[in-house]
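The values are calculated or read from the model by the stated rules, or taken from the named source; none is laboratory data. These numbers were taken from a predicted model, which means no experiment stands behind them. Don't worry about glycine lacking a Cβ; one is built from the backbone with ideal geometry, like all the others, and counts go over all protein chains shown.
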Amino acid sequence: MNKNAVTFFAILIFSTGVLRAQISKQVKQMAYADSGRLVEIFKDLHQNPELGFMEVRTSAIIEKELRTLGYEVMTGIGKTGVVGILKNGAGPVVMYRADMDCNSVKEITGLPYSSTKTMKKEDGTEVPVMHACGHDAHVTWLLEVAKIMMTIKSEWKGTLVMLAQPAEEPLTGAKAMVNDKMYDKGVPVPDYLFGLHTTPIATGSIKNGAGERAAGSDQLDVTFYGIGGHGSTPELTKDPVVMACNAVMQYQTIISRSIAAQDVAVLTVGAIHSGGDNNVIPASAVVKLNLRWFNERIRTDLLDGIKRINEGIAVANGVAKENYPAILMKGSVYPQVNDPALSAKVNKALTPLLAPEKIITNTPPIMGSEDFNHLVLGNNKTLCDYIWVGTAQPDLYTKAVSEGKSAPFYNHNGNYQVDLAAIPLGAVIGTTALLELFKK
C-alpha cells in the first residue's frame, strides 16, 4: 500500500471516530435533556404497577408513545404485548426488549412515589403490588431509546423492533408472544436480540459477561390430596397439610443428597396454600415451588426427585393411587446465554461512556432466571446480549459493601428501588448499544 493510500485510510478512520464520538455526545445530550420527562414517566409507572398479562395501562402508554413517534405498532400480542417497528433501509434487524409486569410485593421503600396499589390475581386473592424488579425502568428506557433512535435515524440503517413484553415474572410472557404467532403476523425475526435489566450495583456500572448469565428455571405447583374433616378427629382424616409440610423438608434432601456438590441447583418453596379455618382439616394442600438449574440432567434429577417424594408421602399416608399428588408445570425457561462476540462488541462501544472498570464481565451467572431468550429460542440466526445495569445510588451501594453486604437491597423485596440518576443513563446505554449493533 502506497503512502497516499495509508494517509487516506488514516484520515477515514480518524473521521469515522470523530463522527461516532459526536453521535455519542448527541445521544447523551438528548437523553439528559429529556431526563425530567423520563423521571416523571418512571414515577408514574412505579405508582401504577400491573401483574403479568394485566399490563393494560402500561401497554397503552407504550402504544401511544410509539405511535406518536411514528413507529408501526402492533398490540395485543400474547394478550398485552406491544411491538413497534421502524424500517430504516437495508441493514440488520435488531430487537430491543423490555418487560412490563410487576411483583405481588408490598412496597416499604417510603419513597414519595411508592406504590400503594393492590390487584387481584387469577385465583381471586387480592395482593399488594410493586415494581420490585425494575421493569418500570425497563419500560422508561425503551420509550426514550425509541425516541432517540427515531430522531437520529439518519445515523443508522436497518430495522428496529421495540418489543414490550408481558409476564416475565411467571416466565410465560415471551412464549405467549411467540405462540401468538407474532413472527407470522409481521414482526421481523431479529438478527440481534438486546435488552437491559436493573441490578442493585452502583449507578454507572454494568454487568455484561459472555456465555451463561442466568439459570434455567421451572415453576410448578404440587397438590396433595387427603380426606378432610373435623380438627378434633384427625384419625378420621388424611391430613394434606402434614403431607405438604413433610414434602417441603424432604425436597431439600434432593439438593443435599441427590445433586453433586460440584453441581449447582436451587429448590425453593415460595408458598403453601391450604384450608381456611382453625378447626377444619382441609381436603387438599398446594405447594408452590421453583427450581433453578444450568443443564437438563440436573433439571431431570430435580423433577424426578420431587415426584418420588410426593408418591412416597402418599404411600406413607395411605392415600389411594388415584389421589396421588398432582404436579402442574407452569413457567419454564432455559438458561439465558450471551453471545461472546456480541457482548464484547457492545462493551467496547460503551467504553467511552463508562469507565472500563465499571464494565464488569467476569462475574458468575446468577441463579435468577429470564425468559428474554425465549423470544428467539430455536432460531439459530439470532445472537443475544442482555446487560445488567447498575441502578443503586452509589453512596448506598458503597455503604452496603462496607457492611459486608453485596447490595443495599435486592430484587423482589419491598425495599427495592431504582436511582433516578440511572433513568437517563440507562437510555444512553441502550441507545449506544443499538447503534453499535446496526454497524456493519
### Query
Does the stretch 335-352 include one or more residues that are part of a strand (DSSP E or B), modelled with pLDDT of 95 or more and within 19 Å of Ala202 (Cα to Cα)?
no
### Message
Quick check on my filter: what residues within the stretch 379-416 are assigned to a loop (DSSP other than H, G, I, E, B) and surrounded by 21 or more Cβ atoms within 10 Å (Cβ to Cβ)?
### Response
Pro408, Tyr416
### Query
Hey, Gly173 hits all of (1) closer than 26 Å to Pro424 by Cα; (2) surrounded by 24 or more Cβ atoms within 10 Å (Cβ to Cβ) but one; which does it fall short on?
(1)
### Query
Hey, any hits in the stretch 246-266 for a residue that's surrounded by fewer than 18 Cβ atoms within 10 Å (Cβ to Cβ) and closer than 30 Å to Lys358 by Cβ?
yes
### Task
Kindly indicate whether any position in the stretch 362-380 is of a type in the set (Gly, Ala, Ser), over 29 Å from Glu40 (Cβ atoms), under 19 Å from the mean Cα position of the chain (by Cα) and assigned by TED's automatic domain parsing to the domain that holds Gly134.
yes
## Note on the structure
The condition of being outside the structural domain of Val94 (by TED's automatic domain parsing), within 26 Å of Lys147 (Cβ to Cβ) and small (Gly, Ala, Ser) holds, among Ala349, Ala344, only for Ala349
### Query
Can you find even one residue in the stretch 322-331 that is in contact with a His (Cβ under 8 Å, 6 or more places away or on another chain), over 21 Å from Pro170 (Cβ atoms) and not assigned by TED's automatic domain parsing to the domain that holds Gly368?
no
### Task
List every residue pair whose Cβ atoms lie under 8 Å apart, where the two residues are 6 or more positions apart in sequence or sit on different chains, the first residue falls within the stretch 275-303 and is on the phi > 0 side of the Ramachandran plot and in contact (Cβ under 8 Å) with a residue 60 or more places away in the chain, and the second residue, located anywhere, is surrounded by fewer than 16 Cβ atoms within 10 Å (Cβ to Cβ) and part of a helix (DSSP H, G or I).
none
### Query
Of all residues in the stretch 317-334, which are exposed (fewer than 14 other Cβ atoms within 10 Å of the Cβ) and not in a strand (DSSP E or B)?
Gly318, Ala320, Lys321, Glu322
#### Entry: Among the candidates Asp99, Asp123, residue that is crowded, with 24+ Cβ neighbours inside 10 Å, outside the structural domain of Gly270 (by TED's automatic domain parsing) and of a type in the set (Asp, Glu)
Asp99
### Any chance Thr300 is within 24 Å of Glu169 (Cα to Cα) and assigned to a helix (DSSP H, G or I)
yes
### Summary
Ile108 fails exactly one of (1) closer than 21 Å to Glu50 by Cβ; (2) hydrophobic (A, V, I, L, M, F, W, C); (3) under 19 Å from the mean Cα position of the chain (by Cα), namely (3)
### Message
If the requirement is being farther than 28 Å from Pro92 by Cβ, at pLDDT 95 or above and not in a strand (DSSP E or B), which of these qualifies: Ala137, Ala132, Ala146?
### Response
Ala132
### Query
Assuming Ile306 fulfils every condition listed in (1) more than 30 Å from Gly430 (Cβ to Cβ); (2) assigned to a helix (DSSP H, G or I); (3) touching a Lys or Arg at 6+ places or on another chain (Cβ under 9 Å) apart from one, which condition is it?
(3)
### Query
Taking the stated definitions as given, is Met119 outside any loop (DSSP other than H, G, I, E, B) and aliphatic (A, V, I, L, M)?
yes
### Query
Quick check, is Met177 of a type in the set (A, V, I, L, M, F, W, C) and within 28 Å of Ala31 (Cα to Cα)?
no
### Every residue from the stretch 152-168 that is crowded, with 22+ Cβ neighbours inside 10 Å and either assigned to a loop (DSSP other than H, G, I, E, B) or of a type in the set (D, E, K, R) (or both)
Pro166, Ala167, Glu168
### Task
Considering only the stretch 120-134, state which residues are of a type outside the set (Val, Ile, Thr), free of Cβ contacts under 8 Å to residues at least 60 places away in the same chain and out of contact with any Lys or Arg (no Cβ under 9 Å at 6 or more places or on another chain).
Lys120, Glu122, Asp123, Gly124
### Message
Between Gly312, Gly331, Gly318, Gly305, which is of a type in the set (Gly, Ala, Ser) and within 24 Å of Pro166 (Cα to Cα)?
### Response
Gly331
### Message
Looking at the structure I just gave you, is Pro112 in contact with a Ser or Thr (Cβ under 7 Å, 6 or more places away or on another chain) and either aliphatic (A, V, I, L, M) or in the same structural domain as Met182 (by TED's automatic domain parsing) (or both)?
### Response
no
### Summary
Residue hits (the stretch 410-426; farther than 17 Å from Tyr113 by Cα and either modelled with pLDDT under 95 or under 17 Å from the mean Cα position of the chain (by Cα) (or both)) are Tyr410, Asn411, His412, Gly426
### Task
Can you tell me which residue among Lys185, Lys175, Lys181 is in the same structural domain as Glu370 (by TED's automatic domain parsing) and assigned to a helix (DSSP H, G or I)?
Lys175
### Query
Is it fair to say Val319 is of a type in the set (Val, Ile, Thr) and either under 21 Å from the mean Cα position of the chain (by Cα) or within 26 Å of Leu383 (Cβ to Cβ) (or both)?
no
